[in-house]
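Colleague: This is the structure, below, for whatever I ask next.
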Amino acid sequence: MRALRVGDGAASLVEIERPEPRGEAIVRVTLSGICNTDLEIARGYAGFRGTIGHEFVGVIEDPGGGQGSDRIARGERVVGEINAGCGGCARCRTGDPRHCSTRTVLGIVGRDGAHADLVRLPARNLVRVPDSVPDTAAVFVEPLAAACGVLERAPLAGDPRARVAVIGDGKLGLLCAMVLAAGGARPLLIGKHPAKLALADRRGIEIADAAQARQRGRIFDVVVEASGGATGFELALELLQPQGTLVLKSTFHGLTRVDAARLVVEEITVVGSRCGRFAPALDLLARGTLDPADLISEILPLDRGAAALAHAAAPGVLKVLLDAR
């Protein structure tokens, strides 16, 4: 089968053996989405070698016979939670494998990803897609769940009375602002790309560039940093009031300098936010509360996977999808 794989700082489409079930489900990928993490992995982030991609929608080809396989059937349309836990530790037993100490992570840690014809995941990780949600929306479930995860880690961000800012007008930043607004909050989206900011503006979300945001002073209760770069951390501290909460969403190859004394003196709460639950994201899509269609810049065939990665990294580009059909 075809697979977009990385190693030694490069990405290429190659032919590899089909995955065997080995007690897990096999899904035939319909669409997969390229995200910033894929681009960072191609640059060396996480030291991963193998097939990348963790945003996908597909059709079950083989339920696999493992735990949870009795609740899915061949031909069903599904998306997949990316963290595959051991199934036996305390975290996994409570239904949350996101921090299982021996977990693998789809296309990121120890498990081949979804930019391929077929992907293997435990059946318990798979979630049915409602008929009302098209593939071009379902492929956004994973990043949309990550955006919903902000509310899980920092509930104050959803309070209509709180002053909330989101730094970054890329895919994740836009989704974070959209999720917060859908829940009744009034976020300020801070970015530098007029076309991207316009997508938020059309949804009634307030927008600003960094200079305009700084002019407001340190008034924000919560700042969500989703810029994908180290400079967003410093900007966040310039906007947060003392005892404010900084929610970190960005992952990238490299280090961020942190003035720890400032965090202590101003009593800033720093919260990491990674993966979210799929159910809230699917609910937003199924109810039509949120439509990410205008975040799609291009849909390219899987055969052009390497070129699609390069295109996704270009300035101004939002979501690039790979069509494996």
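Colleague: With every protein chain present, what is the per residue accessible area of the chain (1.4 Å probe, Å²)?
Modeller: Accessible surface, normalised per residue, equals 43 Å².
Colleague: So what is the relative contact order of the chain, in percent, for Cα pairs below 8 Å that sit 6 or more residues apart?
Modeller: 19 percent
Colleague: Further, regarding this structure: Place the peptides 46-54, 10-18, 133-141, 95-103 in order of packing, highest mean first, counting for every residue the other Cβ atoms within 10 Å and averaging per peptide.
Modeller: Ranking, from highest mean packing down: 133-141, 46-54, 95-103, 10-18.
Colleague: How long is the gain from A286 to Q212 if the chain were fully straight, where each residue apart is worth 0.36 nm and the alpha carbon distance is subtracted?
Modeller: 23.1 nm
Colleague: With charges set only on the Cβ (+1 for Lys and Arg, -1 for Asp and Glu), what does the dipole of the chain come to about its Cα centre, in debye to the nearest 20?
Modeller: 400 debye
Colleague: Quick one: length gained pulling R161 to A293 fully straight, 0.36 nm per residue minus the C-alpha distance?
Modeller: 44.6 nm
Colleague: Starting at the first residue of the stretch 59-72, write each ³J(HN,Hα) from the Karplus equation 6.51 cos²θ - 1.76 cosθ + 1.60 with θ = phi - 60°, in whole Hz, x for Gly and Pro.
Modeller: Once rounded to whole Hz, the list reads 10, 5, 9, 8, x, x, x, x, 4, x, 5, 6, 9, 10.
Colleague: Can you list the HN-Hα couplings for the stretch 238-250, worked out from phi with the Karplus curve (6.51, -1.76, 1.60; θ = phi - 60°), rounded to whole Hz and with x for Gly and Pro?
Modeller: Once rounded to whole Hz, the list reads 6, 9, 6, 6, x, 6, x, 10, 9, 9, 9, 10, 6.
Colleague: Can I ask one more? If all Cα-Cα distances of the chain are sorted into 20 Å bins from 0 onward, what percent lands in each bin, rounded to whole numbers?
Modeller: Distribution as computed: 33, 58, 9 percent.
Colleague: If I build a Gaussian network model for the chain, linking alpha-carbon pairs within less than 10 angstrom, which residue out of C176, C92, C275 has the largest mean-square fluctuation?
Modeller: C92
Colleague: Output the 0 to 90 degree angle, nearest 10, between the alpha-carbon long axis of helix 141-153 and the longest principal axis computed from the alpha carbons of the chain.
Modeller: 40 degrees
Colleague: Around I72, under 14 Å between beta carbons, what's the net of Lys plus Arg minus Asp minus Glu among the other residues?
Modeller: Around I72, the charge tally is +1.
Colleague: Something else now. Can you tell me what the convex hull of the Cα atoms of the stretch 15-150 projects to on average, as an area in nm²?
Modeller: Taking a quarter of the hull surface, the average projection is 8.4 nm².
Colleague: Rounded to whole Hz and in sequence order, give me ³J(HN,Hα) for the stretch 185-196 from the Karplus expression 6.51 cos²θ - 1.76 cosθ + 1.60, θ = phi - 60°, writing x for Gly and Pro.
Modeller: 6, 10, x, 9, 9, 10, x, 9, 10, x, 5, 6
Colleague: Any chance you could list the semi-axes, whole Å, largest first, of the equivalent ellipsoid that the Cα gyration tensor gives for the stretch 255-309, using √(5λ)?
Modeller: Output for the stretch 255-309: semi-axes of 36, 22, 10 Å.
Colleague: Provide the gained length on full extension for the span R49 to A230, in nm with one decimal, where the gain is 0.36 nm per separating residue minus the Cα-Cα distance.
Modeller: 62.7 nm
Colleague: Sticking with this structure for a sec: Please report the carbon-and-sulfur percent of the accessible area for the chain; probe 1.4 Å, protein heavy atoms only, DNA, RNA and ligands left out.
Modeller: 51 percent
Colleague: For R18, put the label point 7 Å out on the Cα→Cβ axis and report which residues of the stretch 45-84 keep their amide N under 12 Å from it.
Modeller: 61-62
The values are calculated or read from the model by the stated rules, or taken from the named source; none is laboratory data. This structure is a prediction, so every number in the text was calculated from the model and none was measured. Note: ideal-geometry Cβ built from the backbone for every residue, glycine included; neighbour counts use all protein chains shown. The accessibility values were calculated without ligands, DNA or RNA, using every heavy atom of the protein model including side chains. Shrake-Rupley method; radii C 1.70, N 1.55, O 1.52, S 1.80 Å.
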